[in-house]
1. Tell me yes or no: at least one residue of the stretch 338-348 is assigned to a loop (DSSP other than H, G, I, E, B), aromatic (Phe, Trp, Tyr) and either open to solvent by 60 Å² or more (accessible area, probe 1.4 Å) or in contact with a strand residue (DSSP E or B) (Cβ under 7 Å, 6 or more places away or on another chain) (or both).
2. In the list VAL112, VAL146, which residue meets the criterion of being aliphatic (A, V, I, L, M) and modelled with pLDDT under 95?
3. Just to be sure, is LYS516 touching a residue at least 24 places away in the same chain (Cβ under 8 Å), in contact with a Cys (Cβ under 9 Å, 6 or more places away or on another chain) and surrounded by fewer than 18 Cβ atoms within 10 Å (Cβ to Cβ)?
4. Would you say THR318 is out of contact with any Gly (no Cβ under 6 Å at 6 or more places or on another chain) and of a type in the set (Val, Ile, Thr)?
5. Quick one: in the stretch 545-566, which of the residues that are assigned to a loop (DSSP other than H, G, I, E, B) and over 18 Å from ALA450 (Cβ atoms) is least open to solvent (accessible area, probe 1.4 Å)?
6. If you take the residues of the stretch 446-468 that are closer than 13 Å to PHE432 by Cβ and part of a helix (DSSP H, G or I), which of them is most open to solvent (accessible area, probe 1.4 Å)?
7. Within the stretch 113-129, does at least one residue satisfy the condition of being assigned to a loop (DSSP other than H, G, I, E, B), open to solvent by 50 Å² or more (accessible area, probe 1.4 Å) and in contact with a Cys (Cβ under 8 Å, 6 or more places away or on another chain)?
8. So which residues in the stretch 76-90 are touching a strand residue (DSSP E or B) at 6+ places or on another chain (Cβ under 6 Å), surrounded by fewer than 23 Cβ atoms within 10 Å (Cβ to Cβ) and of a type in the set (A, V, I, L, M, F, W, C)?
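The values are calculated or read from the model by the stated rules, or taken from the named source; none is laboratory data. Every value quoted in this text rests on a predicted model; they were computed, and no experiment measured them. Cβ placement follows ideal geometry from the backbone for every residue including glycine, while neighbour counts extend to all protein chains displayed. With ligands, DNA and RNA removed, areas are computed over all heavy atoms of the protein, side chains included. Shrake-Rupley method; radii C 1.70, N 1.55, O 1.52, S 1.80 Å.
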Amino acid sequence: MEKMKKILASSMLVAVALTFAACSSKEKSDDNSGGASSKPYTMSFSELALPTDNNGKAAIRSATSVTVNGTAHTIGFSELVKTGQTVNGVVFGTIKDKDGANMTYADGSAYVCHNGSGPDHTTILENGGNLYMVSQMECDNGGVYVTKLSQNASTGALALDSTFAPKWADFSADGGTYIGCAGQKTSWGTHLGSEEYEPDMGLFDDAADTTNNSAYDDPKLVAIAEYQKLAGTAWTDADSDGKVDSGESRDAAKFQNIGYWMGFITEVSVDASGNPTAKKHYSMGRFAHELGYVMPDNKTVYLTDDGQNTGLFMYVATTAGDLSAGTLYAAKWTQTSATGVGSANLTWYKLGTATDAEIKALVTSGTKFRDIFTRGTLSSSGSTAYCDSGFTLTKTYYNTMECLKVNSGMEKAAAFLETRRYAAMLGATTEFNKEEGVTFNSDDNKLYVAMSVVKNGMKDESASLPASLNHIALTENLCGAVYELPVTSGVSDTASAAINSSYVATTMSGLVAGTKITTDSDGNKCALTGISEPDNVAYLPGYGVLLIGEDTGSHVNDMVWAMDIKGGTNLLTRIFTAPAGSETTSPFWDPNIGGYGYLMMVIQHPFGESDLSGYTPTTTADNNDVDEKSSVIGYIGPFPALN
């Protein structure tokens, strides 16, 4: 009880404990699986204490014990591989170009996706009796590596198979890949990845402008051009170094199109020999994909959109287990309460139906922003912005208002290449901020979505914006929140057409939020007994345990929490801390591999976002070698089988 009081006081479990009790009662009557109280399994972690000295703050630390169904088990964090590590002759994390050659920095050294960002979601796949690890890289030039694992049958311990040379997934048929973020292992045995922070192609709307537009220097576009080896085509490579240098002229047509290759869901399969096959799903829309989460019907996919002024999207595949064709929807938030981090009813706008092949053809044909839209004049009367007749006022990229009109016959291009803009034009909400991970509680039929920071478009801006751009009107919460979204069947879209899914979210409300504090002596800005800027989330069916990982500058050490949602108690237990300046990513449950359970974990860029006062991490002369700043892929466990 003392622990519960402590958590409630310092973590602001949205509204009050009585609210959760009421929600629990409702869940028991509405939940097809019998409600939270019917869950047959139990899991509780030993609490991981906060680090008290610099050695602890610089270390990877995890809970050491877990009790599953009444039996205690020893667990811990085990490292599998680091960026910069040489594995059977291959430097893990080295980025390659379209021909499979190693890319380089300006000084000629190998480009390793290392301590600037590093690997993100990592999936373990089984094929032919072998275990393979699929890891995507979150760099401007991204990529996917496949490594092989071995498993100790007696202890469950996993280890990297050093006799297997890591294999590179070839995305050259899809223009490459970049900024691979969160992901999921599908029920049909593939790695479902993502591409985050798509280039804003709306910065190009003047065909004649080839030198004065700063968008031509966008590092993301430059990275794409260099991966595709477009020297002499997309730009004049005066010094023949394969790099887009300042002052070298750009080809307008190429640069105004190549960004449309990025910003999609990716999928990688692995055969029994560890050979990967990669593809992109263009029909799932183009935006800053944090994660595509496939629901139990293997058709419905929820798609979160990271960044400022973003949307929430849902895709319903035409065929279960095949994401190459389907219908894309965007949510509208109709606020019902501004208390805490708010609550709302959700309705869904249909954006369109397409196949991957249709949308890829638009990219390969050279489609540009000005082919899709005409931009009008933005005017204002006092504090009210407006557009000329025939144009729609939107607010998406960089919190910027635009007046847009879809060109004749380009609705499908708008829906799937400029998804966020088109959603805003139809009336969907594009005011979410740092919308991150998503997971599904199949016990209670609820989605959970992390919102890293509640600010920008989510704040009440009624004094300066028209109602059409102010759907979400909340008080700022810089420590973020996790929302819950019950799902149901029999829902129609805003045009009264049936949505072919039994997993449609119709409401959205706060589950748990962080609490701002006066900055302490270590630099923490959010309460240490609760979450700060939640990023990835993962639910373990049957056990009522929701994992919440952080990507925060408001805790010195990013943490992972286990939230017990059984019976409405909502206790938070700290189970992991990452080194200062790093980010926790990729927490993902593997309930049963060879009779053992695992919790995958990735630690990106230790000491990369902040320094630890009084502590100097070890580094090597070569920035690409393994050292304390290397990103780390590993797991917590082994657990007993958690089916």
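1. Initial filter on the stretch 338-348 (assigned to a loop (DSSP other than H, G, I, E, B)): 338-342.
Adding the requirement that they be aromatic (Phe, Trp, Tyr) leaves none.
No, there is no match, as no residue in the stretch 338-348 is assigned to a loop (DSSP other than H, G, I, E, B), aromatic (Phe, Trp, Tyr) and either open to solvent by 60 Å² or more (accessible area, probe 1.4 Å) or in contact with a strand residue (DSSP E or B) (Cβ under 7 Å, 6 or more places away or on another chain) (or both).
2. Working: VAL146 fails: modelled with pLDDT under 95.
Going through VAL112, VAL146 in turn, just one is aliphatic (A, V, I, L, M) and modelled with pLDDT under 95: VAL112.
3. Values: touching a residue at least 24 places away in the same chain (Cβ under 8 Å): yes; in contact with a Cys (Cβ under 9 Å, 6 or more places away or on another chain): yes; surrounded by fewer than 18 Cβ atoms within 10 Å (Cβ to Cβ): yes.
So LYS516 passes the test.
4. Numbers: out of contact with any Gly (no Cβ under 6 Å at 6 or more places or on another chain): no; of a type in the set (Val, Ile, Thr): yes.
Judged against the criteria, THR318 is not a match.
5. In the first step, residues of the stretch 545-566 are kept if they are assigned to a loop (DSSP other than H, G, I, E, B); the result is 551-558, 565.
If we keep only those that are over 18 Å from ALA450 (Cβ atoms) too, we end up with 556-557.
On the way: VAL556: 31, ASN557: 11 Å².
Looking at residues that are assigned to a loop (DSSP other than H, G, I, E, B) and over 18 Å from ALA450 (Cβ atoms), I get ASN557.
6. Going residue by residue through the stretch 446-468, those that are closer than 13 Å to PHE432 by Cβ are 449-459.
Among the residues that remain, those that are also part of a helix (DSSP H, G or I) are: 456-458.
On the way: ASN456: 46, GLY457: 1, MET458: 0 Å².
Taking the candidates together, the pick is ASN456.
7. So the first thing to find is which residues in the stretch 113-129 are assigned to a loop (DSSP other than H, G, I, E, B), and the list is 113-118, 128-129.
Next, only the ones that are open to solvent by 50 Å² or more (accessible area, probe 1.4 Å) stay: 116, 128-129.
Checking the rest, the ones that are also in contact with a Cys (Cβ under 8 Å, 6 or more places away or on another chain) come to 116.
Within the stretch 113-129 (the criterion being assigned to a loop (DSSP other than H, G, I, E, B), open to solvent by 50 Å² or more (accessible area, probe 1.4 Å) and in contact with a Cys (Cβ under 8 Å, 6 or more places away or on another chain)), the answer is yes, since at least one residue qualifies.
8. Within the stretch 76-90, PHE77, LEU80 meet the criteria.
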